[in-house]
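Reviewing the structure listed below.
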Amino acid sequence: MNERKGIITMQGNPLTLLGPALKVGDKAPDFSVIAGDLSPVTLANSKGNVRLLNVVPSLDTPVCDAQTRRFDQEAEKFPSNIEVLTISMDLPFAQKRFCNANSIKSKTLSDFNTASFGTNYGVLVKELRLLTRAIFVVGADDKIKYLEIVPEITTHPNYDKALAAVKA
């Protein structure tokens, strides 16, 4: 497994990411995560759509909560061929509780079982077995159109740039 150091920190402390360093233009790797009903979900499940992959460490933290709410609110303005998928290591039950409590309509997906999203997208934090904060915009052609791995895990992503990439 490819280990990448010096990419992210948490409260200033360096952490290690596992997986490849993807870049804009790369074919988006497949993954298998778990939906709220415990069914498997892959990238191919939304083929033909533009996907904003909202990657958060845990929905139970203030920045992840705010980030998920923001993209969920923006998703209401998107045409039907654009999906927001929030992916974390939270259990599907915790994700469902969060969504119900906060009226979140966009999909939340759990990578807790195999961490295939984290390792395939290079966002699994070795020391924590959590996903780092990141945004990927995957086009209908399954190519990465935008990506941001937030350098300090406790800070917000660049919402404006991510939303501009979705609309482009």
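The values are calculated or read from the model by the stated rules, or taken from the named source; none is laboratory data. Note that the coordinates shown come from a computational prediction; the quantities given were computed from them, not determined experimentally. Here the Cβ is made from the backbone with ideal geometry for all residues, glycine too, and neighbour counts use every protein chain on show. Just so you know, the surface numbers come from the protein's heavy atoms only, side chains and all, with ligands and any DNA or RNA stripped out. Shrake-Rupley method; radii C 1.70, N 1.55, O 1.52, S 1.80 Å.
Give me the pairs: first residue in the range 20-34 and on the phi > 0 side of the Ramachandran plot, second residue in a strand (DSSP E or B) and open to solvent by 50 Å² or more (accessible area, probe 1.4 Å), beta-carbon distance under 9 Å, and six or more apart or on different chains, which are they?
Gly25/Lys143; Gly25/Lys145
Go through the range 96-154 and give me each residue that's of a type in the set (D, E, K, R) and farther than 13 Å from Ile8 by Cβ.
So the first thing to find is which residues in the range 96-154 are of a type in the set (D, E, K, R), and the list is 96-97, 105, 107, 111, 126-127, 129, 133, 141-143, 145, 148, 152.
Within the range 96-154, Lys96, Arg97, Lys105, Lys107, Asp111, Arg129, Asp141, Asp142, Lys143, Lys145 meet the criteria.
This table checks each residue for (1) out of contact with any Gly (no Cβ under 8 Å at 6 or more places or on another chain); (2) more than 22 Å from Asp72 (Cβ to Cβ).
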| residue | (1), (2) |
| --- | --- |
| Thr114 | yes, yes |
| Leu124 | no, yes |
| Leu131 | no, no |
| Thr155 | yes, no |
| Ala168 | yes, no |
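Tell me, please, whether a residue that is charged (D, E, K, R) and within 24 Å of Lys23 (Cα to Cα) can be found in the range 89-107. Before you say what the answer is, go through the steps one by one.
Going through the range 89-107, the residues charged (D, E, K, R) turn out to be 90, 96-97, 105, 107.
If we keep only those that are within 24 Å of Lys23 (Cα to Cα) as well, we get none.
No, there is no match, as no residue in the range 89-107 is charged (D, E, K, R) and within 24 Å of Lys23 (Cα to Cα).
Can you tell me which of (1) over 22 Å from Thr61 (Cα atoms); (2) outside any loop (DSSP other than H, G, I, E, B); (3) open to solvent by less than 30 Å² (accessible area, probe 1.4 Å) is the one Lys145 doesn't meet?
(3)
For a quick check of your reading: which strands (runs of 3 or more DSSP E) sit entirely within the range 18-128 and have at least 1 residues that are surrounded by 22 or more Cβ atoms within 10 Å (Cβ to Cβ) and not hydrophobic (A, V, I, L, M, F, W, C)? Don't jump to the end; show me each part of the working.
Working: elements: 32-34, 40-42, 50-55, 82-88, 107-110.
Ranges flagged: 50-55, 82-88, 107-110.
State the number of residues belonging to the range 129-141 that are of a type in the set (Gly, Ala, Ser) and surrounded by 20 or more Cβ atoms within 10 Å (Cβ to Cβ). Spell out the reasoning first.
Residues of the range 129-141 that are of a type in the set (Gly, Ala, Ser), as a first pass: 134, 139-140.
Those left that are additionally surrounded by 20 or more Cβ atoms within 10 Å (Cβ to Cβ): 134.
So the count comes out to 1.
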